[in-house]
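A.B. asks: Okay, here's the structure, questions in a sec.
The values are calculated or read from the model by the stated rules, or taken from the named source; none is laboratory data. This one's a predicted model, so the numbers in the text were calculated from it and none came from an experiment. Virtual Cβ from ideal backbone geometry, glycine too; neighbours counted across all protein chains shown. Accessible surface is based on the protein model in full, side chains and every heavy atom, while ligands, DNA and RNA are left aside. Shrake-Rupley method; radii C 1.70, N 1.55, O 1.52, S 1.80 Å.
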Amino acid sequence: MEERYKPGTRLLRAGRPHRGWVNTPVTRASTYIFDSVRQWRDTRARRDQERLLSYGARGTDSTYALEDALVELEGGYRAKMYPTGQAAIAVVLLAYLKAGDHVLITDAVYEPVRRFCAEQLSRWGIEFSYYRPDGSDLPDRIRPNTRMIYAECPGSLVYEMMDLPAVAELAHRHDCWLAVDNTWGSGLLYRPLTLGADISVTAATKYLGGHADVMMGTVVTTERAWAPLERATVDMGQTVGADDAYLVLRGMRSMAARLAMHGRHALRVAEWLQGRAEVARVLCPALPDDPGHALWKRDCSGTNGLLSIEFARGITDADVERMVDAFGLFGLGASWGGFESLCVPVNMARARTVSDWSGRGAILRLHIGLEDPEDLLADLDQAMAALKR
């Protein structure tokens, strides 16, 4: 759709074949029947380069509609979907790397990726190491065999920002792919491909689906980066069902409105938390005193529902656990991006390798949902009383 329209408007119309449907119907299919051997052979010969209906694992009208919407959202060339965000990350790492290659992973990476690197990449003979979340040490960490820089911006858990255009210039100067986990920005608040990245990975489980009822990962690439991902996705048998594709596409229609509301509520909660004696710092790049605020203001178009609390010295992990148990509205859950408010205690010593979090206060991650913020503040206020017991 034309760029003259705002992103929220484009999302309402993306992935809608011109057949009179407002919502693309669910198309469940495993097998497609051909009229002749010639047609069958022609389709199979062209399907690696063209998007053709040939077999359900290669795509249906439902998955193709979602692909179109993702490309519109991210400003990319083509897209693929996977059963989970972790599956999408795994395919990206294996699609572009081979034995003997080296990948630089941000220290702010989604924590399960650490296990994948240690237990799977090492088995494939692929080397990996970590760099600071802001990317400041990247020039010194690139090796002759470095083939990818893997970023997450803002970073997991405490939302560190990096200068992505500068990292993209560095990566391409050294003939490296730049892949970015864009789950925080979801293509609406942050667009890595327009900032110079080659590959954008998103857990559609979060804001794209938006209703805590679907699992999916997505990858959108530039044209230059497309072929390796296409081949690896097919070779690894990665696909999603038509019903899940429908749910994510439906969720995307309201994402602009939901994210705006999440962001307003989160900033209201963040400002309230900043006035509490129990809180040393609220971690959110949209706050003016955050170290990454200038980059956030330059590169992002808003904020979402995520923020983390660093508690004052003297408040222990056990104190925070009592607070979590005292919540009435905030659920204890590892995911986020749905309409509901959630919390989870964070172990930064386990989540970081090259960043020093020793001596810092206990961390609690919050996802601020669509509940009335005054109700959430009341819940936080009564739960914080547990810190003093």
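A.B. asks: Suppose R0 equals 35 Å. What FRET efficiency, 1/(1 + (r/R0)^6) with r the Cβ-Cβ distance, do Arg231 and Lys6 give to the nearest 0.05?
C.D. replies: Computed FRET efficiency for Arg231 and Lys6: 0.45.
A.B. asks: How would you order 73-84, 344-355, 52-63 from highest to lowest mean count of nearby Cβ atoms within 10 Å?
C.D. replies: 73-84, 52-63, 344-355
A.B. asks: For the pair Leu53 and Ala257, how long in nm is the line joining their label points, each one 7 Å along Cα→Cβ?
C.D. replies: Between Leu53 and Ala257, the label points sit 3.2 nm apart.
A.B. asks: I want the local charge near Ser200. Using Cβ-Cβ distances under 15 Å, sum +1 for each Lys or Arg and -1 for each Asp or Glu among the other residues.
C.D. replies: Net charge around Ser200: -3.
A.B. asks: Could I ask something else about it? Evaluate the charge dipole of the chain about its Cα centre and quote only its size in Debye, nearest 20, assuming +1 on the Cβ of each Lys and Arg and -1 on the Cβ of each Asp and Glu.
C.D. replies: Using only the charged Cβ atoms, the result is roughly 960 debye.
A.B. asks: Could you work out the local net charge near Glu371, counting Lys and Arg as +1, Asp and Glu as -1, over the other residues with Cβ closer than 15 Å to its Cβ?
C.D. replies: Overall, the nearby charge balance is -3.
A.B. asks: How much accessible area per residue does the chain have, in Å², with a 1.4 Å probe?
C.D. replies: That works out to 43 Å² per residue.
A.B. asks: Which of rounded, prolate, oblate describes segment 84-163, given a ≥ b ≥ c as roots of the alpha-carbon gyration tensor eigenvalues and a/c under 1.5 marking rounded, otherwise prolate only if a/b is larger than b/c?
C.D. replies: Oblate.
A.B. asks: Give the lysines reachable from Lys297 as a straight Cα distance under 28 Å; neighbours fewer than 8 places away on the same chain don't count.
C.D. replies: Lys6, Lys206
A.B. asks: On to the next question. If you find the alpha carbon centre of segment 226-272 and of segment 45-66, how far apart are they in angstrom?
C.D. replies: Segment 226-272 and segment 45-66 have Cα centres separated by 20 Å.
A.B. asks: What nm distance separates the two modelled labels at Asp42 and Ala334, each placed 7 Å from Cα along Cα→Cβ?
C.D. replies: My value for the distance between the label points is 4.9 nm.
A.B. asks: Among rounded, prolate and oblate, which fits segment 247-328 when a ≥ b ≥ c are the square roots of the eigenvalues of its C-alpha gyration tensor, a/c under 1.5 means rounded, and a/b larger than b/c means prolate?
C.D. replies: Oblate is the answer for segment 247-328, as a/c is 1.5 or above yet b/c matches or exceeds a/b.
A.B. asks: While we're looking at this one, here's another question. Cα axis of helix 37-46 to longest principal axis of the chain: angle in degrees, 0 to 90, nearest 10?
C.D. replies: Between helix and principal axis, roughly 40 degrees.
A.B. asks: Here is a further query. For the chain, what proportion of DSSP beta bridges, expressed in % and rounded to the nearest 5, is antiparallel?
C.D. replies: For the chain, the DSSP antiparallel bridge percentage is about 55.
A.B. asks: What figure, in Å² to the nearest 10, do you get for the accessible area of Cys153 with a 1.4 Å probe and non-protein molecules left out?
C.D. replies: Surface open to solvent at Cys153 totals about 0 Å².
A.B. asks: Continuing with the same structure: Where the centre of each part is set by its Cα atoms, how far does segment 330-354 sit from segment 276-297, in angstrom?
C.D. replies: Using only Cα atoms to place each centre, the spacing works out to 18 Å.
A.B. asks: Considering the convex hull of the alpha carbon atoms of the chain, report its projected area averaged over all viewing directions, in nm², one decimal.
C.D. replies: If I average the Cα hull's projected area over directions, I get 20.2 nm².
A.B. asks: Would you mind counting up the charge near Leu121? Only other residues with Cβ under 13 Å from its Cβ, with Lys and Arg at +1 and Asp and Glu at -1.
C.D. replies: Summing Lys and Arg as +1 and Asp and Glu as -1 gives +2.
A.B. asks: Further question on the same structure: Cross-link candidates for Lys98: which aspartates and glutamates have Cα within less than 19 Å, leaving aside residues fewer than 8 places away along the same chain?
C.D. replies: Hits, sequence-local ones excluded: Glu119, Glu127, Asp175, Asp198, Glu230, Asp235.
A.B. asks: Could I ask something else about it? Give me the distance between the Cα centres of segment 123-142 and segment 174-213, rounded to whole Å.
C.D. replies: Value for the Cα centre distance between the two parts: 20 Å.
A.B. asks: Given only helices, namely DSSP H runs of n ≥ 4 each adding -39500 (n - 2.57), what is the per-residue ellipticity at 222 nm of the chain, to the nearest 500 deg cm²/dmol?
C.D. replies: That comes out to -10500 deg cm²/dmol.
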